[in-house]
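First up is the structure itself, then whatever we jot down about it.
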Amino acid sequence: MNFLIVHEVNYLEKIIYEFQILPEILSTLGHNITIIDYDDSWNVFSNGSTGKDYGLRTRIRENIHRAYPEASVTVRRPGMIRLPALSRISGAATDGLEAYRFLRNHPVDAVILYGWPTVGIQTLLSARKFNVPIVFRSIDVLHELVPWRSLAAATRILERHIYRKVDAVFPVTLHLKQHILSYGVPESRIRVLPSGVDTRMFSPGPRNIQLLQKWGIGAQDPVLLFMGTIYKFSGLDRVIAEFPSLLSGHPGARLLIIGCGEDEDRLKELSMKIGIASHIIFGGLQPYSALADFIRSSDVCINPFELNGITRNILPTKLFQYLACGRPVVATKLPGTVPFLSGEEHGIVYCSLARFVDCIGDLLDQSERREDLGVRGVEVTRANYEWRRIAETMVSWIAEFGGKSLNARLQ
């Protein structure tokens, strides 16, 4: 099948998550994938590969892969005016025009839409113009991501319109499904499709001593791992602030943070202020292919997210990656996550932020418990959350809903 995938984030530079993983898996399954993205990080990666894309014309990059070397997708990057505020306004125009032109000139079996404030309405109208089925992949409560609260009401209205007009919505969690139902979307057009993990890439294996030595970590030092974007709500500030209490029982413990984000500088200052900078290691962005080795080299993986409007409904992909590598996880209890990963029977110890470091310490003291949790995590990911099966399910659902939609419009 020929898929057009539209989102309003930077495919080429953003940390790898579902937006890159799923299209590239679809590519490896034999589907033809074209992506229209938006350079939301133009003012961050000013010296990178996207920083030279000045002007309004579309730049096309073929045979692209981020997560899988064997994958091949085409990324179409419409131009925009690279100035605050004008970047979004101009991007909305150029992305909308690019979606229209592409659907007019190329055979497309379905559109998969991820975002809407900048690209959603235009893509929906173009898909309807050319009778192309369109589905929305819901991984967040989108109006909660709007940085300007004064625009929240308007964005909710647009959110409702998109959800009610697309042919189907595939939310990542049951809580997101309830959110979408609250907009009056018929339940028959909503199907929950969780995130997944490539269990061939993320699998159990030995600790990489050389990798740890690169970061000044000893072979016997207890290693805690956090991977992903360092948001202000990541909860890492609580972990770092209370890390001295963990060191009293485990003096060699290290917290290895792989990723980057808005709160990184503040966390570095905090670790220095309380005198534990040598125990908190910021590893920055790493190649996707290297992530499994970082997980295997840890003793406990963590996800201490604060509970808020953004995190309440999510199902972090990193949890599946941790578990598939056979590592126990300590995490805060996110309502969107619990229906899929219910607790220790699935390899996760849920713990409040107030007791988070204590829970980590308890787990470091119990090697047999860690091993048992690791085995359970591998079992649940292999049985239920393999990315290829999830991608195949999505394709079958798209074909089903697309056929229904086209038949309804032709009658």
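The values are calculated or read from the model by the stated rules, or taken from the named source; none is laboratory data. Since we're looking at a predicted model, the values are computed, not measured. All Cβ positions, glycine included, derive from the backbone under ideal geometry; neighbour counts span all protein chains shown. Each accessible area value is taken on the protein alone, full model and side chains, heavy atoms only, with ligands, DNA and RNA left out. Shrake-Rupley method; radii C 1.70, N 1.55, O 1.52, S 1.80 Å.
Worth pointing out:
- Taking a ≥ b ≥ c as the square roots of the Cα gyration tensor eigenvalues, the stretch 259-388 comes out rounded, since a/c falls below 1.5.
- Ordering of 110-120, 368-378 by burial proxy (mean other Cβ atoms within 10 Å per residue, highest first): 110-120, 368-378
- Only helical runs count toward this figure. For the chain, summing -39,500 (n - 2.57) over DSSP H runs of n ≥ 4 and dividing by all residues gives -11500 deg cm²/dmol at 222 nm.
- Label-to-label distance, nm, for residues given as Ser188 and Asn208 (7 Å Cα→Cβ offset): 5.0
- Tensor-based shape of the stretch 200-324 (alpha-carbon gyration tensor, a/c under 1.5 rounded, otherwise prolate or oblate): oblate
- Per residue solvent-accessible surface (Å²) - the stretch 115-265, probe of 1.4 Å: 41
- Ranked packing of 122-131, 60-69, 213-222, most packed first, by mean Cβ within 10 Å: 122-131, 60-69, 213-222
- Taken about its Cα centre, the stretch 220-296 carries a charge dipole of roughly 100 debye when the Cβ of each Lys and Arg holds +1 and the Cβ of each Asp and Glu holds -1.
- Rounded if a/c under 1.5, otherwise prolate or oblate - the stretch 297-360, Cα gyration tensor axes: oblate
- Peptides 344-354, 19-29 ordered by average Cβ neighbours within 10 Å, highest first: 19-29, 344-354
- Shown for the chain: the carbon plus sulfur share of the solvent-accessible area, taken with all protein chains present and a 1.4 angstrom probe, equals 52%.
- In a fully extended conformation the segment linking Ile310 and Glu345 would gain 10.0 nm over its present Cα-Cα distance, using 0.36 nm per residue.
- Gained length - Arg128 relative to Arg389, 0.36 nm times residue gap less alpha-carbon distance: 91.0 nm
- Excluding ligands, DNA and RNA, the accessible surface per residue across the stretch 300-356 is 27 Å² with a 1.4 Å probe.
- Helix runs (DSSP H) in the chain reaching 24 Å along axis by Cα, Kyte-Doolittle at least -0.5: 86-105, 387-410
- In this structure, the pairs whose alpha-carbon distance is over 27 Å, taken from Lys177/Lys318; Lys214/Lys268; Lys177/Lys333; Lys129/Lys318, are Lys129/Lys318.
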